[in-house]
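One structure below.
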Amino acid sequence: MQQPITTLLPLLLFAAFPAPSNAWGVHGHLIVCKIAQGRLSDAAAAAVRGLLPSYAGGDLSSLCSWADDVKFRYPWSAPLHYIDTPDRLCGYTYDRDCKDEDGVEGRCVAGAINNYTSQLLTYHTASPSTQYNLTQALLFLAHFMGDIHQPLHVGFTSDKGGNTIDVNWYKRKTVLHHVWDDNIIETAEDEYYGEGVAEFVDALLQNITGEWSQRVQGWEECSKNQTTCPDMYASESITAACDWAYKDVAENSVLEDAYFWSRLPVVNLRLAQGGVRLAATLNRIFS
């Protein structure tokens, strides 16, 4: 079995300290990885345990925000968390949109998912001297699968996915992107889940096996026998961004109950889909 790459250990220890986050917040990424871990095949679960550092105790969710924590140490990774699309077009195509601010193709969250999936596919054949750090590849993939399901990670170019749109979340000043990263999830935990994120996860798991059960197989599938299909996930996100995240929002809008209640189902769905698809991708990789 492939063993954890020891050169990653100091970096992971560094990442244990708090750092700014620009994606689903810590709880959002934890939710995605918790859902995924419970759906792993035996082979995938064993591979994940083997790749995680020992102090993680086999818990992928404990390191699901690692990719945010190391953006300052790995500045090249920052553009891999998102996709900028043309303003108000409400559509995504890989060839047009998957590039960084310098125009380097493939440097976006969809390209990153393809890249780290390809690296992990070498798991069964990799030698100890492999050019790939498969522990890092796993942590990046787990994080980016969460990112691509956050609607404003596939947002408009001019406002950087809502990062430059100032709003008020109830009485708190913030930006629209942060509302979708953190505020909706935090408010849901405060309003509905007295014990916090664990109860949130449980509620989503009940929906996955209940209300959404007939849709889950469709979420898991990829066309053309692909291992993962981030272009589909990105297209869903920009549609959700236009239909829900940006809709009826202007500079300095005050977003309160009406926005929260109508957008929470979208957040719930995207978290669930992210977790189901992360598990399906890992199951295909390690099968």
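We did not get these values from a lab; they are worked out from the coordinates using the rules stated. Predicted model only: the values in this text are computed from it and were never measured. Every residue, glycine as well, gets a Cβ built from its backbone with ideal geometry; the counts of neighbours run over all protein chains shown.
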| said: Counting other beta carbons within 10 Å of each residue's own, what order do Lys160, Lys171, Lys34, Lys247 fall into, fewest first? | reply: Lys171, Lys247, Lys160, Lys34
| Dipole axis of the range 85-129 (+1 Lys, Arg; -1 Asp, Glu on Cβ), positive-most option in Tyr92, Gly106, Ala126 | Ala126
| query | With +1 on each Lys and Arg Cβ and -1 on each Asp and Glu Cβ, how big is the dipole of the chain about its Cα centre, in debye rounded to the nearest 20? | reply | 760
| Which of Val249, Val104, Val48 has the fewest Cβ neighbours within 10 Å, and the rest in rising order | Val104, Val249, Val48
| note | Ranked from fewest to most other Cβ atoms within 10 Å of their own Cβ, Asp69, Asp181 fall in the order Asp69, Asp181
| request: Take the alpha carbon gyration tensor of the range 168-271, find the square roots of its eigenvalues, order them as a ≥ b ≥ c, and report rounded if a/c is under 1.5; if not, report prolate when a/b exceeds b/c, else oblate. | output: oblate
